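Data first, discussion second: the structure below is written as structure tokens.
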Amino acid sequence: MEEKQYVVPKPVINKKEEESLTALTERYEKMNKPGKLSKAGKKIAEVIPKSVKEAGKAVKETITEAELFVQCMKVVAEGFSILEKQAAKMTISEDAIVQKVDATTKKNEITCLEEICLARGYNISKIVAKYKTKDLGLALVEGGTTGAFGFAGLPFNLVLSTFIYYRAVQSIAMFYGYDVKNDSAELMIAGDVFMNVLSPKCKGSNEVSSIIGKIMVMTETTAIKQTAKKTWSDMAARGGVGLLLTQMRALANKSAQKALEKAGQKGLEESVFKGVFEQIGKNLTKKAIGKAVPVVGAVIGGLFDTAQMNTVIDYADIFYNKRYLLEKDVRIHKLIEGDSDEIIDISPEDIAEVNLEQ
């Protein structure tokens, strides 16, 4: 069969994409401020009659946060197949993602996730913005439905909403061409991205999470200057965000190999999600106030979950958009030349030398 020919975008990173790196950092800073949806939820909570609040308080006093966390972990352990079935209703397919990105790319036919690196980052971000509208609506319905059951539905609501956010991050990763379904290292990275957005100060189970946090607050335009036949080793040698990105991939790959040995490919996602929920679940149970009151819980639950979904998608879009731009030329080279220099080992001493002020 004749080898497929690609038209490499020139320049690989255009001026609009380069300028967006700074814009992405500014978006990250703004998203840390309370949004309209979360403010609306607080206002509604303020006008709830005192008698209703007291009734809810009496219910919540029957169980501790620790007990609620145990019940949530039980849902994760025993009802993962149910979670998958419910989340599947809002999970976008790989084919649909490829078709949407292909529609924005004129000079190349995008037929798989690997080829998405030929598209423009800002066009992908526009697609993500449209995708977000669908997810926000589903989060509102999910939060309202399970919230309406009051305390009885609370453990399942917490776990299901968390799993839906988790899947949303995976979808964003796929929009930017990162194959979370077939690349176990990418699934690990998506899990850490998700953990970072819900618990920014949490170090997580490995160093990947802290690296993601550093990348989110860094802007580096010098890193996107193209060089011929660039590899991941070149990225690391260049330092800065390039080194962070390369180390992140290396660490995620090692973690994925260990996880695969324990859980196998089929049980990998469940294993990763369980690990993530163990890290952030205790904080989530503290934020469950208001969902234990029937009817009122439906309103607040819907608004809370919608606001949370908005934050999760924005965070994931910023991270993966940044990463996409900084790795774009390396990924295009790998696509065309078949670069096998995929993962390299980075020592702690190497990472300590990164100048985080650039």
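The values are calculated or read from the model by the stated rules, or taken from the named source; none is laboratory data. Note that the structure is a prediction, hence the values are computed from the model and not measured. Cβ placement follows ideal geometry from the backbone for every residue including glycine, while neighbour counts extend to all protein chains displayed.
Overview of values
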item	result
Residues that are over 30 Å from residue 308 (Cα atoms), within 21 Å of the chain's Cα centre (by Cα) and among the basic types (Lys, Arg), drawn from segment 229-280	254
Test for residue 274: is it modelled with pLDDT of 90 or more and either out of contact with any Gly (no Cβ under 9 Å at 6 or more places or on another chain) or assigned to a helix (DSSP H, G or I) (or both)	yes
Boolean, residue 290 is modelled with pLDDT under 90, part of a helix (DSSP H, G or I), among the small types (Gly, Ala, Ser) and more than 20 Å from the chain's Cα centre (by Cα)	no
Some residue of segment 210-227 being modelled with pLDDT under 80, in a helix (DSSP H, G or I) and in contact with a Lys or Arg (Cβ under 7 Å, 6 or more places away or on another chain)	yes
Extreme residue, farthest from residue 155 (Cα to Cα), among residues of segment 77-104 that are in contact (Cβ under 8 Å) with a residue 24 or more places away in the chain and not in a helix (DSSP H, G or I)	92
Some residue of segment 244-258 being over 25 Å from residue 20 (Cβ atoms), modelled with pLDDT under 80 and surrounded by fewer than 24 Cβ atoms within 10 Å (Cβ to Cβ)	no
Close pairs (8 angstrom Cβ cut-off, 6 or more residues apart or separate chains): among the small types (Gly, Ala, Ser) in segment 212-225, at pLDDT 60 or above and crowded, with 20+ Cβ neighbours inside 10 Å anywhere	213/196; 223/241; 223/242; 223/326
Condition met for residue 332 (surrounded by 21 or more Cβ atoms within 10 Å (Cβ to Cβ), assigned to a helix (DSSP H, G or I) and modelled with pLDDT of 50 or more)	no
Some residue of segment 174-183 being modelled with pLDDT under 90 and polar (S, T, N, Q)	no
